[in-house]
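Below is one structure, written out as structure tokens; the observations come after it.
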Amino acid sequence: MFELEEQELEKTKKLIEQTPIPEKIDQYIDSGINKGKKRRNALRKRNILISFAASFLLIFLVSIRISPVFASYVSQIPGLDKIVQLVNYDKGLQLAVENEFMQLIGLSDEHEDLKFTVDGIIIDESRMMLFYTIENKGDHQFINLDNFSFYDEKGEHLKASLTYEHFIEMDMRKHKTLTGKIDVNLPSVEEIPETITLEARLREELSEGKGDNSKSVRVGEEFDYKREMNVLASTWKIQFSIDKSKFQDLKEEYYLNETVMIEDQSITFNKVTVYPTRIAVEVTYDNNNSKKIFSIDDLRIVDEKGEEFAAITNGISRRYISDNTHVFYLQSNYFVKPKELYLKASRFKALEKDKLEVVINLEEGKITRRPDERIRLDNVGVNQKGDEIVLEFLLKREQPLDEKYFYDIFNFQYTDSFGNNYDAKGSSFGSFPVNEDGFDQQIFYNVENIDYLGPIILQIDQYPTKITGDISIKVK
Amino acid sequence: MIIRAQEGDSSAFYLLIDQNKEKLYRIAYSYLKNEVDSLEAIQEVTYRAYIKLKNLREPKFFDTWLVKILINYCNDELKRLKRTILKELDISQASESTNIVDRQIILEALDRLDPKYQTVIILKYFNDLTIEDTAKLLNRPIGTVKTWLNKALTDLRKTLKKEGEANV
């Protein structure tokens, strides 16, 4: 039917077949691969950023329950609406603000066209949340907290563990102010001074308009912020006093000492302490357990009406007292004044104690031992400076339970085959949509780039494997 | 090998592309008709395949998958080129035994076809793909591909006729 056309096409095919393949083709393949490598690295960095950014967004997406009384209280006090937004991921903190538990401060210090204000604090015996605002009065663009410390009235450095967020892509030319919070884990109540001085250093991050302007590269570059920032010369100092009477002796302690068995693993709930800003649950795992328990996925406190207060996901969520004793922090229902309290849980992350090591042969770039197929070594690379080896892992995650949570799985210390200890040079994690399911997590672990004798050994601190069983313990 | 490449082994990936490079180059050439653009196509396909490799569920489809990426690229590229200028056929290296002018007419006629018709012709006649394989590659039922092929040849005939008349 189409003989003529087919003949013509056949001849054309011959012509095409006779076309020589240029030798240069290999160079083009090479450069395609190199371009791909660069892009993939940039994408990965961006994905890490996205997962951090997503956790920020989460704060703002959670709806605010506001009673009319509370709404009018908020509107009367300037700046309080911003603070309400900063705590609305935590029902307990929201209740604390609603119940006027916040101590308003409103003191500031200004240098280099930047005004740093301490807006207020929410403080109890276990913790202080400090809310601050940075206002741009000049032409600053990407400002972040670089470093800060707290001092008592004698000028002594207060030792406390701190968590705070890093502002990403917050352009101060567009947003004149940044608001943030610092979560401070306090030492014992006796050591909380009447007056605290906050000394903060700020830094300017240079992330815009550098090199290639394509979005991914720019964001990727920003991830290496250590190389692209200026710490500003000034120190912002703000001294404020704390009204200790407002929170002293408010905590309620309940001793439980109740032991439960979950899949043959023994877990003892020692005590529950209810503070206005959080609830601390102390748990001890039996030394003879065959599995190491890493965490409790769904630990929550429930009152007589069935209202649940879950774990603190944004901030300090637990503390290790010893290897076997952990304290978990839950959102507090202190201000609800519940009549009855129950502690509930059903899922525990745990792994056999003889599977806690991941052994890596760096020369071959292979995992030689791992708990199971969930973890995979994707790549062994070297950082730009060449002083660190970057291990890239892929962790298959359980869904949908782990969907929202990303976590590091390795201990910060690793060892070589002779038992020498080393500290990791860095570790980070992010989501990486490998397939449509998209729940897998990528983990980077940087180790010193030296010649190790034999393989290196990483310790697992967290893993998706679980044991399950329902627990309900009456607290009061 | 494909699995090794998927796990991030870039030398495995290089070998995979190397095995396919002649085929890919010829397909690119039948679309783009000159060395420079065809080489660029190879580079771009290598790059796209590299970053998308993890999305490939079935390693056994790797070769077809590469071709698919290439065809998508070439179609986009042709659209872009048509908007600028119609490129001259690069004839410097062609053999003298073939009637180059005729061949140029055919290739240009192919260019004027709907992209999907052009694709089925290129796959079937220049790369010896069966109708079944073409259907698999394009993710369309066999019947559709047959219809396209028929339509493609009809359109080609019309175009060539017009060309013929114009050349008289």
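The values are calculated or read from the model by the stated rules, or taken from the named source; none is laboratory data. Nothing here was measured: the structure is a model prediction, and the numbers come from that model. Glycine also receives a Cβ, built like all others from the backbone with ideal geometry; neighbour counts cover every protein chain displayed.
Here are the numbers for this structure:
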{"read-out": "Residue that is farthest from the other protein chains (Cβ to nearest Cβ), among those in the stretch A:1-35 that are outside any helix (DSSP H, G or I) and more than 30 Å from B:N150 (Cα to Cα)", "value": "A:E23"}
{"read-out": "Qualifying positions in the stretch A:164-204 - surrounded by fewer than 16 Cβ atoms within 10 Å (Cβ to Cβ), in a loop (DSSP other than H, G, I, E, B) and of a type in the set (A, V, I, L, M)", "value": "none"}
{"read-out": "Conditions (1) surrounded by fewer than 22 Cβ atoms within 10 Å (Cβ to Cβ); (2) in contact with an Asp or Glu (Cβ under 8 Å, 6 or more places away or on another chain); number of the one not met by A:K159", "value": "(2)"}
{"read-out": "Number of the exception - A:P371 against (1) in contact (Cβ under 8 Å) with a residue 40 or more places away in the chain; (2) part of a strand (DSSP E or B); (3) surrounded by 15 or more Cβ atoms within 10 Å (Cβ to Cβ)", "value": "(2)"}
{"read-out": "Tabulated pairs, the stretch B:119-140, first within 22 Å of B:K79 (Cβ to Cβ), second aromatic (F, W, Y) and modelled with pLDDT of 85 or more, C-beta under 7 angstrom, 6+ apart or interchain", "value": "B:V120/B:W148"}
{"read-out": "Filter pass, A:L104 being at negative phi and either buried (at least 19 other Cβ atoms within 10 Å of the Cβ) or at pLDDT below 85 (or both)", "value": "no"}
{"read-out": "Residue that is nearest to A:G365 (Cα to Cα), among those in the stretch B:1-46 that are more than 7 Å from every other protein chain (Cβ to nearest Cβ) and of a type in the set (S, T, Y)", "value": "B:S11"}
{"read-out": "Failed item, numbered, when A:K45 is tested on (1) modelled with pLDDT of 75 or more; (2) crowded, with 20+ Cβ neighbours inside 10 Å; (3) not polar (S, T, N, Q)", "value": "(1)"}
{"read-out": "Those residues of the stretch A:438-460 which are surrounded by 16 or more Cβ atoms within 10 Å (Cβ to Cβ) and not in a strand (DSSP E or B), in sequence order", "value": "A:F439, A:D440, A:N449, A:Y452, A:P455"}
{"read-out": "Breaking point among (1) modelled with pLDDT of 75 or more; (2) within 11 Å of chain A (Cβ to nearest Cβ); (3) surrounded by fewer than 15 Cβ atoms within 10 Å (Cβ to Cβ), for B:E132", "value": "(2)"}
{"read-out": "Tally, over the stretch A:243-296, of residues that are among the charged types (D, E, K, R) and within 24 Å of the chain's Cα centre (by Cα)", "value": "3"}
{"read-out": "Residue match in the stretch B:23-41 (condition: farther than 27 Å from A:Q18 by Cα, surrounded by fewer than 18 Cβ atoms within 10 Å (Cβ to Cβ) and charged (D, E, K, R))", "value": "no"}
{"read-out": "Among the candidates B:L66, B:L107, B:L86, B:L70, residue that is under 19 Å from B:K23 (Cα atoms), of a type outside the set (S, T, N, Q) and modelled with pLDDT under 80", "value": "B:L107"}
{"read-out": "Qualifying strands (runs of 3 or more DSSP E) (wholly inside the stretch A:216-307; at least 2 residues being aliphatic (A, V, I, L, M) and modelled with pLDDT of 90 or more)", "value": "A:252-262, A:265-274, A:279-285, A:300-303"}
{"read-out": "Residue match in the stretch B:47-65 (condition: closer than 14 Å to A:I29 by Cα, within 10 Å of another protein chain (Cβ to nearest Cβ), among the β-branched types (V, I, T) and touching a residue at least 12 places away in the same chain (Cβ under 8 Å))", "value": "no"}
